[in-house]
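Have a look at the structure below before the remarks.
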Amino acid sequence: MTKDQNPYQILLVEDDHELAAMVADFLTPHGFDVSIEGRGDQAVD
């Protein structure tokens, strides 16, 4: 792991884009790297 990689990564699967953005905005300053996917079938890939 390089120095720039965050060890706390979350894949947030949520189809409500506003809700997903609010959750990501909350988690990011707490040390999490949040990726958002709007569709469950695409999250598996």
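Scanning region 4-32 for residues that are among the charged types (D, E, K, R) and farther than 22 Å from Val44 by Cα returns Asp4, Asp25.
Scanning for something touching a strand residue (DSSP E or B) at 6+ places or on another chain (Cβ under 9 Å), outside any loop (DSSP other than H, G, I, E, B), surrounded by 14 or more Cβ atoms within 10 Å (Cβ to Cβ) and of a type outside the set (Asp, Glu), does region 14-21 turn up at least one residue? Let's see the steps before the verdict.
Residues of region 14-21 touching a strand residue (DSSP E or B) at 6+ places or on another chain (Cβ under 9 Å): 14, 17, 20-21.
The next check asks that each one be outside any loop (DSSP other than H, G, I, E, B); those that pass are 17, 20-21.
Adding the requirement that they be surrounded by 14 or more Cβ atoms within 10 Å (Cβ to Cβ) leaves 20-21.
Narrowing the set further to residues that are of a type outside the set (Asp, Glu) leaves 20-21.
Yes, region 14-21 has at least one match.
Throughout, read-outs are computed from the coordinates displayed, never taken from laboratory work. Please read these numbers as outputs of a predicted model, since none were measured by experiment. Cβ atoms come from the backbone with ideal geometry, glycine included; neighbour counts cover every protein chain shown.
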